[in-house]
Amino acid sequence: MSKKTVKLKLVSEQGRAEGNSTQCVPSPSLEFPEGFFTKQERWDGGIVLYFLIILYMFMAVTTVCDEYFLPSLEIISESLGLSQDVAGATFMAAGSSAPELVTAFLGVFITKGDIGISTILGSAMYNLFGICAACGLLSNVVSTLSCWPLFRDCAAYAISVAAVLGIIFDNQVYWYEGILLLLIYGLYVLVLCFDIKINQYIIKKFSPCCTCLAEAMEERSEQQPLMGWEDEGQPFIHRQSRTDSGIFHEESGYSQLPLSLHDLSHVSEDPPSVFNMPEADLKRIFWVLSLPIITLLFLTTPDCRRKFWKNYFVITFFMSALWISAFTYILVWMVTITGETLEIPDTVMGLTLLAAGTSLPDTIASVLVARKGKGDMAMSNIVGSNVFDMLCLGVPWFIKTAFINASAPIEVNSRGLTYITIALNISIIFLFSAVHFNGWKLDRKLGVVCLLLYLGIATLSVLYELGIIGNNKIRGCGG
């Protein structure tokens, strides 16, 4: 066992021993390797290197998402005949949330860290409001949103929150509770598989009493999956759906991906080589800076936009998710050490900078599709990522309790359970209400509202964690 793991366990036990009057929160830096410099060396200018690495990792994640992850997602969605919201809630959410799953494994098997209130709350708040704000403010396209996908995903998220918080209520997790989380996520995926039929059934049941909901879902039910197959087994009839316009149209005028499954074998031309230098001066600068990343990805990940690699899109998906996790881990590591150098309180770090860092792939992926007018895919990714993060905690929990240490349950920390439950449920209601009163449009007005909601709730959460409001005295374990 490493010295850092021992230290983390000691400070965690120290916090439990001191009772409820003053709670102890281990420093996030204990979950990462030592930095390149001492704290004094960072103050003397070494922190600049950390800022540069943070920016470079941001560029790396953007490159992976834009050039590999989203193109593979489009081909997977077309191959399976998924609508854009189902694709956003499943494959897109799973791929972009890979860093959270890696973090969960590290927390269970390596650092032995607790699931703290700032970890759960910070990531969830940022996913719901921060990413939605980014999509609205950074997109020049006003996207029309559908009622049913958002209602479906918000309901699933509320259930997942209740399940996780119910499991950690007694501070212990058993193997059957890990299985329960996986079964709930499996049920959620099953609902998504029969999404259109469920949608049509709800229309029949609620159309007499809720005309607004019925009209919104009627509009969606007319849009078939990407492949356009009719339910009655009719010959192939292609209808316009939310995914048919394609996600990946570049300003150069060519479509990087085909618009239907039949076109997969008739790609007119490959996109330009990633080693072609752009003509604009600013783009050239960024291209030169990102050349090491481009070369690394070119050598390790097949580009499924090209004819030769188009049948290897599954490998592209998993390799891009792996690189997203690696780059995000480095980014969060640098952010953590930077925050520690600037003496930002650990709880504030968990609620703000670390939450934004671990959710960077979700942010970039959602903004990219929102800028193409795919609002339902962006919103489903935002909420679906939270569902994935919550329920897939069952994977490391089950492996640990069933195979590695079956004799004892996993010890977790349920501190602030009531506050977490109230805050997350209010967040779900606020998001749904904001979208409804904005006329079911993803635009800059919704972005501003979500930004204000995020700043407001994050501020209250920080004040609560610091003990300024409420009876929740918290201090760092090192002090």
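A few remarks follow.
- Applying a DSSP loop filter and a limit of 16 other Cβ atoms within 10 Å to the GluC sites (Glu not before Pro) in the stretch 278-352 leaves Glu279, Glu343.
- Sequentially through the stretch 421-438, phi angles give Karplus couplings (6.51, -1.76, 1.60; θ = phi - 60°) of 4, 5, 5, 5, 5, 5, 4, 4, 5, 4, 5, 4, 5, 4, 5, 5, 6, 8 Hz, Gly and Pro residues having no value and appearing as x.
- A simple count of charges around Phe308, restricted to other residues whose Cβ falls under 14 Å of its Cβ and scoring Lys, Arg +1 and Asp, Glu -1, yields +1.
- Using a probe of 1.4 angstrom and keeping all protein chains present, the accessible surface of the stretch 385-459 works out to 43 square angstrom per residue.
- Solvent-accessible area per residue, Å², over the stretch 267-353 with all protein chains present [probe radius 1.4 Å]: 53
- Pair Thr38, Ile285: separation of 7 Å Cα→Cβ label points (nm): 3.7
- Cross-link pairs exceeding 30 Å in C-alpha to C-alpha distance, out of Lys197/Lys441; Lys283/Lys374; Lys197/Lys374; Lys283/Lys310; Lys204/Lys372; Lys205/Lys374, comprise Lys204/Lys372.
- Amide H within-cut-off set for Ser143, under 5 Å, with H built and near neighbours excluded: Leu442
- In order along the stretch 322-330, the phi-based Karplus estimate (6.51 cos²θ - 1.76 cosθ + 1.60, θ = phi - 60°) of 3J(HN,Hα) comes to 5, 5, 4, 5, 5, 5, 5, 4, 4 Hz; Gly and Pro are listed as x.
- Solvent-accessible area assigned to carbon and sulfur over the stretch 295-386 amounts to 71 percent, based on a 1.4 Å probe.
- Solvent exposure, largest accessible area first (probe 1.4 Å, DNA, RNA and ligands not counted), of Lys283, Lys372: Lys283, Lys372
- Summed residue charge, Cβ within 12 Å of Leu297's Cβ, Lys/Arg positive, Asp/Glu negative: -3
- Cα gyration tensor, the stretch 266-329 - rounded (a/c under 1.5), prolate or oblate: oblate
The values are calculated or read from the model by the stated rules, or taken from the named source; none is laboratory data. Since the model is a prediction, treat every value here as computed from it, not as a measurement. Please note: Cβ atoms are built from the backbone with ideal geometry, for glycine as well, and neighbour counts cover all protein chains shown. Protein only, heavy atoms only, side chains kept; ligands, DNA and RNA dropped before computing areas. Shrake-Rupley method; radii C 1.70, N 1.55, O 1.52, S 1.80 Å.
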